[in-house]
Amino acid sequence: MRKQLASSGFLICMVAALVPVLAESGKTRPVKVKDLVIYQDEQYYAAFPSLVVKKDGEILCAFRRAPDRRRLWQAPGTTHTDPNSYLVLVRSRDQGNSWTAEPELIFAHPLGGSQDPCMNLLRNGTIVCSSYGWALLPAETAERKKNTLSHPPFAFLGGYLLRSADGGRSWQGPILPPPTPGDQTLDALDRPVPAYNRGAMMEGRDGKLYWAVAANRAPQDRRSSVHLMASADRGTTWNYVGPIAQDEKVVFNETSLVETVRGDILAFLRTDKFEGKLAFARSTDGGKSFQPWQDGGFFGHPFQAVRLKDGRIFLVYGYRRKPFGIRARLLDADGSDPARAEEIVLREDGGSGDLGYPWAALLKDGRILVAYYFNRENGTRHIAASLLELR
């Protein structure tokens, strides 16, 4: 009897180990079922979404919403800094087919506009959302701030975090993380700038929450690097772990993390001064160190990844060259050599390069929802999505 049980256990382990291998044999691939609109209102510029899927199947989509000043008041163009830029969310209870019409307010920063609400659902149901802000300053004040990142007349406020324990109905915060070691810049209030970045955090198998944050040596030195921070208390306090990627020429910033089946941490980094290509880095020791960053081999930005049930990694990114749109790649369970993976075109009907920032989530039925901001014929920026299934 014991031999039979041992044999059965051995077979179960063998099958579990073979699942990623079988999945990577090419028998299934993501196929787009349809495109849909999550939120659109001609008065508002909506952008930079993130998704979480709760245990009961409800989907939350957070995004940044600001007045569309081009449409409302004939502003000469669009901008990503606005004093009335707030964090909001909408919900779907039918696998993404329909969404609540009126967004719920997550947070309105008292000192400026907020950007890129990046939600992350932890295993205990807590939602941690990272963001960062910009303060509108008088022109003469902005000119005097030589040690602050700025998009005149806006000055950087740095990063902050929010947290919800009730499915996004209420939020606690803002929680201000510590500055990233080595970052010499100050915020709009002349304080060391709190850690920040856009991208997906990752809850490791060790229970810690990991966050890839950006750092600038100085405001005049835009060779930003990316570093790892970790929290053992669901985002309340943070400790610096170490560098993920830094270079004398290549600029790294917006970064998403994902954990492989075998426990490696992969970082997918947006770059500048590198032809807009992907860079990626790997840690095999729980984030204590990262191997030298590698050339991902293809254009796109920024990037976000989700691990599928079979272990493979689904990577999404914006494509801000003609034809403008959204693209993806399905990597093997190890996440090695992304350039080898087939490129999947989700959208190529965008009206300009002001689109993208896709965020993928695995639905309860095994399908994949990819949210992004989009425009048609350079019109109203809105939150759209593509629904895919594995076939």
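The values are calculated or read from the model by the stated rules, or taken from the named source; none is laboratory data. In this text the structure is predicted, and so the values were computed from the model without any measurement. Here the Cβ is made from the backbone with ideal geometry for all residues, glycine too, and neighbour counts use every protein chain on show.
Assorted remarks:
- Of all the numbered requirements in (1) touching a Pro at 6+ places or on another chain (Cβ under 8 Å); (2) buried (at least 21 other Cβ atoms within 10 Å of the Cβ), Leu176 misses one, and that requirement is (2).
- Exactly one residue out of Arg91, Arg123 is out of contact with any Lys or Arg (no Cβ under 8 Å at 6 or more places or on another chain), at pLDDT 95 or above, surrounded by fewer than 16 Cβ atoms within 10 Å (Cβ to Cβ) and over 30 Å from Leu186 (Cα atoms), and it is Arg123.
- Just so you know, in segment 168-220 the residues that are under 27 Å from Thr141 (Cβ atoms) and polar (S, T, N, Q) include one that is nearest to the chain's Cα centre (by Cα), and it is Asn197.
- Scanning segment 327-363 for residues that are touching a Ser or Thr at 6+ places or on another chain (Cβ under 8 Å), among the aliphatic types (A, V, I, L, M) and assigned to a loop (DSSP other than H, G, I, E, B) turns up just one, Ala333.
- Residues of segment 142-193 that turn out to be within 28 Å of Phe63 (Cβ to Cβ) and not in a loop (DSSP other than H, G, I, E, B), as a count: 19
- Taken together, the criteria place Asp187 among residues that are under 25 Å from Phe48 (Cβ atoms) and out of contact with any helix residue (DSSP H, G or I) (no Cβ under 8 Å at 6 or more places or on another chain).
- Scanning segment 140-161 for residues that are without any contact (Cβ under 8 Å) to a residue 60 or more places away in the chain and either within 20 Å of Leu51 (Cβ to Cβ) or of a type outside the set (A, V, I, L, M) (or both) turns up Glu140, Thr141, Glu143, Arg144, Lys145, Pro152, Pro153, Phe156, Gly158, Gly159, Tyr160.
- Identity of the residue in segment 283-316, buried (at least 19 other Cβ atoms within 10 Å of the Cβ) and among the charged types (D, E, K, R), that ends up nearest to Val241 (Cα to Cα): Arg307
- Within segment 317-353, the residues that satisfy the criterion of being of a type in the set (D, E, K, R) and surrounded by fewer than 20 Cβ atoms within 10 Å (Cβ to Cβ) are Arg320, Arg321, Lys322, Asp332, Asp334, Asp337, Arg340, Glu342, Glu343, Glu348, Asp349.
- Per this entry, Glu259 is counted among residues that are within 21 Å of Cys129 (Cα to Cα), of a type in the set (Asp, Glu) and in contact with a Lys or Arg (Cβ under 9 Å, 6 or more places away or on another chain).
- Within segment 364-391, the residues that satisfy the criterion of being within 22 Å of Ala46 (Cα to Cα), part of a loop (DSSP other than H, G, I, E, B) and touching a residue at least 60 places away in the same chain (Cβ under 8 Å) are Thr380, Arg381.
- Residue count for segment 198-207 satisfying the condition of being in a loop (DSSP other than H, G, I, E, B) and either among the hydroxyl-bearing types (Ser, Thr, Tyr) or closer than 14 Å to Ala230 by Cα (or both): 6.
- Segments classed as strands (runs of 3 or more DSSP E), wholly inside segment 285-326, with at least 1 members that are in contact with a Leu (Cβ under 6 Å, 6 or more places away or on another chain) and touching a residue at least 60 places away in the same chain (Cβ under 8 Å): 303-307, 313-319
- Looking across segment 355-367, the residues that are surrounded by fewer than 20 Cβ atoms within 10 Å (Cβ to Cβ), at pLDDT 95 or above and of a type outside the set (Lys, Arg) come down to Leu362, Leu363.
- Of the listed requirements (1) of a type in the set (D, E, K, R); (2) touching a Lys or Arg at 6+ places or on another chain (Cβ under 9 Å); (3) closer than 21 Å to Arg307 by Cβ, Arg223 misses just one: (3).
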